[in-house]
Each structure stands twice: as C-alpha cells, then as structure tokens.
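The values are calculated or read from the model by the stated rules, or taken from the named source; none is laboratory data. Here the structure is a predicted model, which means the values were calculated and not measured. Here the Cβ positions follow ideal geometry from the backbone for every residue, glycine too, while neighbour counts run over all protein chains shown. Protein only, heavy atoms only, side chains kept; ligands, DNA and RNA dropped before computing areas. Shrake-Rupley method; radii C 1.70, N 1.55, O 1.52, S 1.80 Å.
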Amino acid sequence: MTCLQSLADLEQLEGPLMDCFGTRDPETTAAAVRLVLTHMAWNSKRLLGAMVLDRMDADLLSTRADFPDLCQRLVNGADFVNEGNY
C-alpha cells in the first residue's frame, strides 16, 4: 500500500514537475528536483516503517501458537522490553 501511495503521489506531481523542468529556469528546476528528492526520502522512511511492521506481523504469526495471549498483550500496550519477557 505504501508503494502504491508513493506512485500515486508521483503521478499527481508529474505534470507540474514537467512544467517546472520546461521553464529552463535553474532555480525552478532546482526546486522541483528538491521536491522529488524530499518525496523519495519521505517515502523511504515510510517504506522502512512498513517493512518493520510486516516483519513484526510475520514474527507474531510464527509465535502465536507459543504465546496465545501475546496479541492481546500487544493491543493493551504491554512493555516487553521492561518486563523482560518475549
């Protein structure tokens, strides 16, 4: 979903960016390039977060049989680091 949202954002920006690049004004072109680079950095952070959540889901599913109440404890905000569990 994160990747699809990123592509949709870029598709919406395509027209205005092409207009900026077509002006041949260095400052306008530089601003457009900064916008694209900022978009890439922002989406990189979003994608990393999505990958972490995906990994946590995979780990949770693989250990669900061993810890039947783990899902409920996570939902309730259990602090596994300070409890020394998990």
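Taking the average, over residues, of other Cβ atoms within 10 Å as the packing measure, peptides 35-43, 23-31 rank 35-43, 23-31 from highest down.
Available extension along the chain between TRP42 and LEU10 is 10.3 nm, counting 0.36 nm per residue and deducting the alpha carbon span.
Protection proxy ranking of 12-20, 52-60, by the mean of other Cβ atoms within 10 Å over each peptide's residues and highest first, is 12-20, 52-60.
Here the range 19-59 has 65 percent of its accessible surface on carbon and sulfur atoms, given a 1.4 Å probe and all protein chains in place. Our coupling estimate for the range 40-53, obtained by passing each phi through the Karplus curve with A = 6.51, B = -1.76, C = 1.60 and θ = phi - 60°, is 5, 5, 4, 5, 4, 5, 5, 5, 4, x, 5, 5, 5, 4 Hz, Gly and Pro reported as x. Within a Cβ distance under 15 Å of LEU7, other residues only, what is the Lys/Arg minus Asp/Glu net charge? Once positives and negatives cancel, what remains is -2.
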